[in-house]
Amino acid sequence: MTGDADIVVVGGGILGCAAALRLAEGGMKPLLIEAGDVGQGASGVNAGTLSLQIKRVGLMDYALRGHREWESYGPAVGFRRTGGYTLAFTDSEADLLHARQRLKREAGAPIEFVAPATLAAAEPGLSDRVVAASFCPLDGDANSSLTGRFFRGRLREAGIPVHESAPVRALRRTGDGFAVETSGATFAAPRLLLAAGAWLKPLAAMLDVDLPVHARVNTVTVTERSAPLIGSVIGHATGLLTMKQKANGSILVGGGWQGRGTPQEGRGEALAESVAGNLALASFVLPALGAVRIVRSWTGFEAHVPDFYPLAGALPCVPNAFVLGCVRGGYTIGPYIGRLMGDFILGREPELPLFDPGRPFPEPS
């Protein structure tokens, strides 16, 4: 058994990395374990959307602060502030758009409603059937494929030991903390942070804690490079579409369309009918997309609990163990809530409240 660490962080996504960095800043010696490669789970396979228009109202403060974190990272993560439009094509979608975006504006997001003519002047390639649209100048994106390289470099600069390709085989409590057994070694520390996304449930179960974690299998599709077709992040009032054109001309299409698989089985599988539905909506919104060839589609697991708010705090009934995960919109919020989690473990008062993992959850309907 090895280790002079103060805490073992299990999970090398944005949340685990941000928490480890904050702990190191505060004087602790964290050690990070990742089953695969740092930043290559959900943190590295999502569409990279940094849109405040698709965040939950109750998480807006966290999203605004997380957005500022991404902006501070700059070109190292491919950050772009392009602005974003969310569109409605029917009266019922317009009602939904206005109701949701008013609440988000009241929560602090700088969202405004724009006339279809204004939208057409800014994005002439979009369908002329838009009946309502909202705009947020802060919306943009980053390159999720750079997440791992960026955080690996930050961890290295902070002197934090990182063990990749080290899936956890067993967790157990010891007399003075925890033992984390991986495929290659066993690590010991007086504290433990579980930040392994969709894999939280089986990890917590090793400590006899049942977390109500579920996983969605989100699909993302990328096209070949094309001439400029859109300059902003484009969304749909239902939340079933996000679309953006990268600097190299390729277009990323997402929106939470579901694939197949479970975290325990490995990576998920994109479904043809799901990809087709996603692209049909995208082509309706951006007609010229129909002439652009698809390069590939892939999936990533997005963890959530029944109330769709994060797990961030002490692991129930296990002293000195903590859990961080299940953050909807975690790509945007992750760097900030990871810092909050680090402050909590350091014994500091977090700037914003955390989300007690031991709170009561609604029964499944």
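See the values below:
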| item | result |
| --- | --- |
| Residues of segment 172-216 satisfying the condition of being part of a strand (DSSP E or B), within 28 Å of G329 (Cβ to Cβ) and modelled with pLDDT of 95 or more | R191, L192, L193, L194 |
| Qualifying residue in segment 158-165 (condition: more than 22 Å from L286 (Cα to Cα), part of a helix (DSSP H, G or I) and open to solvent by 50 Å² or more (accessible area, probe 1.4 Å)) | no |
| Sole residue being of a type outside the set (A, V, I, L, M), free of Cβ contacts under 8 Å to residues at least 40 places away in the same chain and open to solvent by 20 Å² or more (accessible area, probe 1.4 Å), chosen from R22, R102 | R102 |
| Residue within segment 311-333 that is under 30 Å from D176 (Cβ atoms), surrounded by fewer than 21 Cβ atoms within 10 Å (Cβ to Cβ) and among the aliphatic types (A, V, I, L, M) present | yes |
| Search result, residues across segment 36-67 that are closer than 26 Å to V9 by Cα and in contact with a Cys (Cβ under 9 Å, 6 or more places away or on another chain) | V38, G39, S43 |
| Of residues in segment 311-365 being polar (S, T, N, Q) and either in contact with a strand residue (DSSP E or B) (Cβ under 7 Å, 6 or more places away or on another chain) or under 22 Å from I54 (Cβ atoms) (or both), the one modelled with the highest pLDDT | N320 |
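Rundown of residues vs (1) within 11 Å of G140 (Cβ to Cβ); (2) among the polar types (S, T, N, Q); (3) open to solvent by less than 50 Å² (accessible area, probe 1.4 Å), yes/no style:
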site	(1), (2), (3)
R56	no, no, no
E71	yes, no, no
G78	yes, no, yes
D91	no, no, no
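The values are calculated or read from the model by the stated rules, or taken from the named source; none is laboratory data. Note that this is a predicted model, so its numbers are computed, not measured. Every residue, glycine among them, receives a Cβ derived from its backbone with ideal geometry; neighbour counts consider all protein chains shown. The accessibility values were calculated without ligands, DNA or RNA, using every heavy atom of the protein model including side chains. Shrake-Rupley method; radii C 1.70, N 1.55, O 1.52, S 1.80 Å.
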